[in-house]
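Here's the structure we're looking at; comments come further down.
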Amino acid sequence: MGKVIVIEFVTLDGIIEDPDGTRGMPGGGWAFRTGPQAVTGDKFALGPIMASGVLLLGRRTWDLFAARWPQRTGDFADAMNAMAKVVVSHRAPDLDLWSGSSHLDGDLIDGVARLAGARDVVVAGSIGVVHQLAAADVVDEYRLLTFPVALGAGARLFDAPTDLALVSTEPGAEAVLTRYERVRPLVGAPSPRG
């Protein structure tokens, strides 16, 4: 059984919106202010998951990635381009724009369960997809690259109370990679929410 792993660039105050500035949001581009070294390469420590897993993307994120990644080269770009990709959208995009892409048919939660039955599912960006998966309690792990900036407004990663356990912390020059796993209540234990 594979894991559902959410990877996100995030600010100190939990904002994940417009890290590259392409959406034109106030404060957008916050992840790139220190230069491309902050976001290039395998910053989320995915390693072998890229060869065996599947990348799940919402339509807007897939469109953005499909416009950028096919032209890139290098070890990480080659791994991204070779990775299986699934786009969540009501309308299938032109899947020929990025090799290895397919369209998720049917219900999101059922589709992710099918995908995770065979391999790890990595969800990048795609806040609407992440919120749906979190609400259904199917996210197993969060890998967050936290940047030393606070925006005060914008779309947040967590839109509901979430209990997580810290797995690891890896400081970098521009940001800190933290890994969290979901905390499941003990069977038969009283709910902390009453």
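The values are calculated or read from the model by the stated rules, or taken from the named source; none is laboratory data. Fair warning: this is a prediction, and the values are worked out from it, not measured in the lab. In this analysis, Cβ positions are derived from the backbone assuming ideal geometry, glycine residues included, and neighbour counts consider all displayed protein chains.
All conditions in (1) over 30 Å from P171 (Cβ atoms); (2) of a type in the set (F, W, Y); (3) at pLDDT below 90 hold for W98, with the sole exception of (3).
Regarding A66, is this residue surrounded by 20 or more Cβ atoms within 10 Å (Cβ to Cβ) and at pLDDT below 90?
Details: surrounded by 20 or more Cβ atoms within 10 Å (Cβ to Cβ): yes; at pLDDT below 90: no.
Judged against the criteria, A66 is not a match.
For residues that are in a loop (DSSP other than H, G, I, E, B), of a type in the set (A, V, I, L, M, F, W, C) and farther than 23 Å from S89 by Cβ, tally how many sit in the range 109-162. Can you show your working first?
The first filter runs over the range 109-162 and keeps only residues in a loop (DSSP other than H, G, I, E, B), leaving 117-120, 125-126, 136-140, 148-155, 157-162.
Filter once more, keeping what is of a type in the set (A, V, I, L, M, F, W, C): 118, 136, 138-139, 149-151, 153, 155, 157-158, 160.
Those still in the list that are farther than 23 Å from S89 by Cβ too: 149-151, 153, 158, 160.
Result for the range 109-162: 6.
Looking only at residues in the range 26-53 that are in contact with a helix residue (DSSP H, G or I) (Cβ under 9 Å, 6 or more places away or on another chain) and in a helix (DSSP H, G or I), the one that is surrounded by the most Cβ atoms within 10 Å (Cβ to Cβ) is A31. Within this structure, L57 passes the test of being touching a Ser or Thr at 6+ places or on another chain (Cβ under 6 Å) and either part of a helix (DSSP H, G or I) or surrounded by 17 or more Cβ atoms within 10 Å (Cβ to Cβ) (or both).
When the range 67-99 is filtered for residues that are touching a strand residue (DSSP E or B) at 6+ places or on another chain (Cβ under 7 Å) and hydrophobic (A, V, I, L, M, F, W, C), the ones remaining, listed by number, are M83, A84, V86, V87, V88, A92, L95, W98. Can you say whether P148 is free of Cβ contacts under 8 Å to residues at least 60 places away in the same chain and surrounded by fewer than 16 Cβ atoms within 10 Å (Cβ to Cβ), as far as the supplied structure shows? Against the criterion (free of Cβ contacts under 8 Å to residues at least 60 places away in the same chain and surrounded by fewer than 16 Cβ atoms within 10 Å (Cβ to Cβ)), P148 does not qualify. For first residues located in the range 21-43 and farther than 15 Å from D75 by Cα, partners that are surrounded by 13 or more Cβ atoms within 10 Å (Cβ to Cβ) and of a type in the set (A, V, I, L, M) and lie 6+ apart or on another chain with Cβ distances below 6 Å form the pairs G27/L151; W30/V149; A31/V39; A38/A175.
Filtered by the rule that a residue be touching a helix residue (DSSP H, G or I) at 6+ places or on another chain (Cβ under 9 Å) and in contact (Cβ under 8 Å) with a residue 12 or more places away in the chain, the range 63-83 gives D63, F65, A66, A67, W69, P70, F76, A79, M80, N81, A82, M83.
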